[in-house]
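The values are calculated or read from the model by the stated rules, or taken from the named source; none is laboratory data. Fair warning: this is a prediction, and the values are worked out from it, not measured in the lab. Reconstructed Cβ throughout: ideal geometry from the backbone, glycine too, with neighbour counts over all protein chains shown. The accessibility values were calculated without ligands, DNA or RNA, using every heavy atom of the protein model including side chains. Shrake-Rupley method; radii C 1.70, N 1.55, O 1.52, S 1.80 Å.
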Amino acid sequence: MATLSPFHTIGSHCLNLGANELSKWAITSCVCKSKVGQSLQRIDVGRKLLPGEVVHNVAQSPRWSLDLRCFAAARVSVEQTEESVTKTSQVDELQKQSTYLFRTETGGQVKVFVCKRSVKYVVDIEVSSLQLSSDDSQLKLSGGLYRSNHDIINQIIETPFIARSSSELALELEFEAKEVPCYLSFLLKASSGASSSGSEIRSHRKSSFCVPIGLDQGYPAPLGLSFSTDGSMNFAVYSRNAESLVLCLYDDNASEKPALELDLDPYVNRTGNIWHASIEGAWTFVSYGYRCKGNRDTFHAEHVLLDPYAKIIGSSIPNHHESGLLPKHLGRLCKEPAIDWSGDLSPNIPLEQLLVYRLNVMQFTKDKSSKLPADVAGTFSGVTEKVQHLKDLGINAVLLEPILTFSEQKGPYFPCHFFSPANLYGPSNGSVSAINSMKGMVKNLHANGIEVFLEVVFTHTAEGGALQGLDDLSYYHNSVEDLEARNALNCNYPVVQQFILDSLRLWLTEFHIDGFCFINASCLLRGVRGERLSRPPLVEAIAFEPVLSMTKIIADCWDPYDKMPKEIRFPHWKKWAEMNTKFCSDIRNFLRGQGALSSLATRLCGSGDIFSDGRGPAFSFNFIARNFGLPLVDLVSYSNAELASEVSWNCGEEGPTTNTAVLERRLKQIRNFLFVLYISLGIPVLNMGDECGHSSSGSPSCGSRKHLDWNTMTTGFGIQTTKFISFLISLRKSRSDLLQKRNFLKEENIEWHGSNRSPPGWEDPSCKFLAMRLKADKAEGQLSSEASQLKGDLFIAFNAADRAETIILPPPPEGMAWRQLVDTALPYPGFFSTDGKPICEQMMGLVAYKMKSRSCILFEACTDGS
C-alpha cells in the first residue's frame, strides 16, 4: 500500500480545499467532508499540477485527537459485483476517479485520488512542497473513517509515506466495499526514527484533511432525487437556514431507523442554499429522507423528513401513528415508471365549450355497487372503468378533488406532498401503481375526448407536511399569527413560488394534466408578511409560465379552514378563470323565492359584474352544489337553522318524507337548478352524484359524503335526471351560438319580459317571474345550406312564485313557430325530449301559455320543416 500510482492529471471530479485558484481550468465538482469545516474552492481539470515551493519551516501544533467512537454496525446491504476495470484508455480511468487538493498550514500541498477498482476503493495520497526538518526523518498518515457524528467506524489508520522524489511523498490505501460510503479523515505526522512522537500537520484551516469515499459532492440541480447516466443517484434539497443536513438511507421500508446516515458538509455539499450529494446506484438502499440541524426552535434533528421533490414516496411507517408521532413518509430510491404516451393528445377543448364533472376518485367507485374488482374500486383505474357514464352524460372534462398525498386525519384539502399522487389511489396502494394508474386514466379519458383537471392546494400543508422542518422560516408564514397557526405557505416567497411552479410543470409534463383549480386562491395574494398584494408574483408567474400557456387555470376562493368562499377581486391577466360562488348563492336564493330578478339576470348572462373586465362569461365556472356543503338533493330537503349559510329550502318538510306534494316540489326544484345551470352563460360544473340523488343526510361537511351508490343510477329518479342532464348538454352544444359564448351577448341579442310581455319588475321585491328572449344572430343562421337547419330564437322563463303565471309569448321570427323543449313542471318523460329531439306540439298562432308555480320553461323558434 506504500506505492502510489503516478497520476499526473486531475480526474473528472476535483475540489480545491485551500489551494490557490487556477482560473484557466474548467470547473468540475466533487465532495469533501470535515468535522471542522474547510474552505472550498473549485479548481480545473485537464492539465498537470505543478508542485509549489519547498517550505522550510514546519509549524508545531497541539496533538490531534481522532475522537473515534465505536461504531455500531449499520445494516448496510451491499451487492458486491465483480467489475473488470479495463485500462484501454486513460480517459476511462479518469472518469472513475475523484481528485482533491488541499493546502497545508505550512504551505505544502496534499493531493488525494479516490477511485474504485473491482470491488475495492483505492485512495492514493501525494504530499508535495513539504520539506521536513532534519529531525523529522519520517512522515506518517494518522486517521480514521466515519460517516456521521454518531456513526464512527472503528478503524484507526497509521501508515508511513514513501518518498517518490526529493519533494514528493506518496502512499496508497485500500478499503472494502462494506466500509463505504464514508469519509477518510486524517492528518500528517512528522517524526524522527528514534521517537514515535513528532509534529502534526493539518490543513491551512487548522483542521484535519478529509475526503469522501464512495460518496460524491453531487449537483444542486435538479432538486429532488435524480439518476445520472452512470447509474449514480443525486440528492438535492433546499434549506437556507439549516446549519447541517444528514442524508438518511434505509434498506428496509418497514424500518423506523435508517441503515446509514451521512452528514453533508456545508463547505462541500452545499451550493448557495441547496444541499446536495451523490452515491453510486449499486447500493441496495430502498428509501431515503433527511435530518436538518440548526436552531432548536425551528429545526428538530430527531425527525426524518421527506424530500419535498420526491416523485415516488413510500407509505407512512407502520405503527408510527400509534407511537404518537406525526406520520412519516420517505422517498423511494427508484426511477419513475414510464408509460407509452404515443398517440395521446389533449382534447384541447375551447374554454367556452367545457362541460365539467367534479368527482372524488375514491368515492366515485369505492362502493360495492360499482361492481368493480376490489383492487380497482376507489382508484384511478376505477374512474377509467366508468368512463362510459361520463360519456352518456355528455361530459368533456373531469375535475378531480385533490389527489396528492394528504393528511389522513383532515382529508384531501390538507396536503402532505406535491409531486406524486396519493398511494391509496393505486390498485396496490403503492406509489408506483398509483402513478401508473393515474397516467393510464388520463390517457384513456383523453382518448374519449375528456380533459382532466386537478384541484390543488398550495396555500398550506398538513401538520408534518413535506416542507415542515426543512426550513420553516423560508417556506411558511411565521410573522402573521393567523397564518402561522394554519401552516400557511409563504407562496410569494421566491423559493416557494419556484416550488409551486415546479409542481405544476411536473403534473403537466409527466401526467398530461389539462388544467388546475387552485383551492383557497385568495391566500395566493398574500405577501411575505401576510399583506394583500395587488400584483402577486406567483399568480402572475402562473399566468405567463410558457409550459402552462395552453393549460386552464381556475381560482377557487373557498377556504378549507373556514369552510366558506371568500369574495375578492382576483387579478387575472385575462388568463385566470374563477369558480363563481355568486352564481351559486344567487340562483339558490332566487329559486327558493327570495332573490332579486336583477341578480338572476346577471348570472344568466355570464356574471358581467365579475367577468366584464377583459375576460368574458367563459371564465365563469358555474356550480349549484359541490363536494363541500349540501349536495343537490339535500338543497331541496334540508333548511334548518344550522344550515342558514347553505341558502337551502326543504320544500315544506325537513328531511326524508312521504308527502307527495313535497316530493313533487322537490323534484321540480332539482330540475330547475339543473336547467338554470346549463342554460346560463359560463362553464357548468356538475357535482358527482347530483345526477342520481346522492345525499349526505343534510350534513354540509365534506367528510360526511358517502361513496357513490351506483344502484341509484337505475332508479326512476336517477334515470330521468341523468337523461335530463344529457338533454341539456346536447341543447347547449346544438345552440352553442347562444349558450356557449366566449364573449357576452350583445344588447340587441337579448330581450327581457314580464309575464304579460311588460317590462320585468326589476324594482319589485315581490316579483318572482322573469322571461328572456335570446335572439339568434341572423348572419350565423344563414350560413346553413338548408333552411330547415336555420337556428331560431330561444324564449326562456323562470317562475319562483307559489302561483301559476299565464305568459304571453312574443311573436316568433318570420317563417318560424315556437316549440316547447322544456317545462320542468310536467311529468316525466314529457318535460323534455327523451331522444335529443324536441317533443312538443306545434303552437302556430298560440299567444298564451300557462306556466305552473316554481318551474322553468324553454321554447325554441323553428321552421315548419325542422
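When residues of region 336-355 are filtered for being outside any loop (DSSP other than H, G, I, E, B) and without any contact (Cβ under 8 Å) to a residue 60 or more places away in the chain, how many remain?
So the answer is 0.
Do we find that Ser704 is open to solvent by 30 Å² or more (accessible area, probe 1.4 Å) and under 36 Å from the mean Cα position of the chain (by Cα) in this structure?
When the stated conditions are applied, Ser704 passes them.
What is the residue count in region 285-304 for residues that are open to solvent by 20 Å² or more (accessible area, probe 1.4 Å) and within 28 Å of Glu510 (Cα to Cα)?
Residues in region 285-304 being open to solvent by 20 Å² or more (accessible area, probe 1.4 Å) and within 28 Å of Glu510 (Cα to Cα): 1 in total.
So which of Lys368, Lys386, Lys439, Lys443 is among the basic types (Lys, Arg), in contact with a Leu (Cβ under 9 Å, 6 or more places away or on another chain) and either open to solvent by less than 10 Å² (accessible area, probe 1.4 Å) or at pLDDT 95 or above (or both)?
Going through Lys368, Lys386, Lys439, Lys443 in turn, the sole match is Lys386.
Is it the case that some residue within region 679-697 is in contact with a Gly (Cβ under 9 Å, 6 or more places away or on another chain), closer than 22 Å to Glu401 by Cβ and surrounded by fewer than 19 Cβ atoms within 10 Å (Cβ to Cβ)?
Yes, the conditions are met somewhere in region 679-697.
Answer with yes or no whether Gly214 is at positive phi and open to solvent by less than 10 Å² (accessible area, probe 1.4 Å).
no
Count, please, the residues in region 707-718 that happen to be surrounded by 15 or more Cβ atoms within 10 Å (Cβ to Cβ) and of a type outside the set (D, E, K, R).
Final tally of qualifying residues: 7.
Does any residue of region 664-686 turn out to be free of Cβ contacts under 8 Å to residues at least 40 places away in the same chain and out of contact with any Leu (no Cβ under 8 Å at 6 or more places or on another chain)?
Yes; the residues of region 664-686 include at least one that is free of Cβ contacts under 8 Å to residues at least 40 places away in the same chain and out of contact with any Leu (no Cβ under 8 Å at 6 or more places or on another chain).
Only residues that are within 30 Å of Gln468 (Cα to Cα) and of a type in the set (Lys, Arg): list them for region 193-251, please.
Arg240, the sole residue that qualifies.
Is there a residue in region 722-741 that is touching a His at 6+ places or on another chain (Cβ under 9 Å), open to solvent by less than 10 Å² (accessible area, probe 1.4 Å) and either in contact (Cβ under 8 Å) with a residue 40 or more places away in the chain or assigned to a loop (DSSP other than H, G, I, E, B) (or both)?
no
Quick one: would you say Asn444 is in a helix (DSSP H, G or I), of a type outside the set (A, V, I, L, M, F, W, C) and touching a helix residue (DSSP H, G or I) at 6+ places or on another chain (Cβ under 6 Å)?
Criteria met by Asn444.
Just give me the residues in region 533-569 being at pLDDT 90 or above and of a type in the set (Lys, Arg), in sequence order.
Arg535, Lys552, Arg569
Take Ile339 and decide whether it is within 23 Å of the chain's Cα centre (by Cα) and outside the structural domain of Tyr475 (by the TED database).
Yes, satisfied.
If you scan region 611-638, which residues turn out to be touching an Asp or Glu at 6+ places or on another chain (Cβ under 7 Å) and open to solvent by 10 Å² or more (accessible area, probe 1.4 Å)?
Answer for region 611-638, where residues must be touching an Asp or Glu at 6+ places or on another chain (Cβ under 7 Å) and open to solvent by 10 Å² or more (accessible area, probe 1.4 Å): Phe619, Tyr638.
Restricting attention to region 253-284, which residues are open to solvent by less than 10 Å² (accessible area, probe 1.4 Å) and closer than 23 Å to Val432 by Cβ?
Listed by number, the residues that qualify are Ala259, Ile279.
Quick one: in region 221-234, which of the residues that are closer than 24 Å to Lys116 by Cα and assigned to a loop (DSSP other than H, G, I, E, B) is most open to solvent (accessible area, probe 1.4 Å)?
The qualifying residue most open to solvent (accessible area, probe 1.4 Å) is Thr229.
For region 782-793, state whether one or more residues are open to solvent by 10 Å² or more (accessible area, probe 1.4 Å), assigned by the TED database to the domain that holds Phe859, among the basic types (Lys, Arg) and at pLDDT 90 or above.
Checked region 782-793: no residue is open to solvent by 10 Å² or more (accessible area, probe 1.4 Å), assigned by the TED database to the domain that holds Phe859, among the basic types (Lys, Arg) and at pLDDT 90 or above.
For region 362-381, enumerate the residues that are farther than 28 Å from Gln740 by Cβ, within 26 Å of the chain's Cα centre (by Cα) and of a type outside the set (Ser, Thr, Tyr).
If the condition is that a residue be farther than 28 Å from Gln740 by Cβ, within 26 Å of the chain's Cα centre (by Cα) and of a type outside the set (Ser, Thr, Tyr), then Met362, Gln363, Lys366, Asp375, Val376, Ala377, Gly378, Phe380 are the ones that fit.
Counting only residues that are closer than 15 Å to Pro415 by Cβ and in a helix (DSSP H, G or I), how many does region 505-520 have?
Number of matching residues: 2.
Hey, any hits in region 454-471 for a residue that's open to solvent by less than 10 Å² (accessible area, probe 1.4 Å), under 30 Å from Asn295 (Cβ atoms), aromatic (Phe, Trp, Tyr) and at pLDDT 95 or above?
yes
Here's the yes/no breakdown for (1) of a type in the set (Phe, Trp, Tyr); (2) in contact with a strand residue (DSSP E or B) (Cβ under 7 Å, 6 or more places away or on another chain); (3) modelled with pLDDT under 95:
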| site | (1), (2), (3) |
| --- | --- |
| Leu686 | no, yes, no |
| Ser696 | no, no, yes |
| Cys702 | no, yes, yes |
| Thr722 | no, no, no |
| Ser726 | no, no, no |
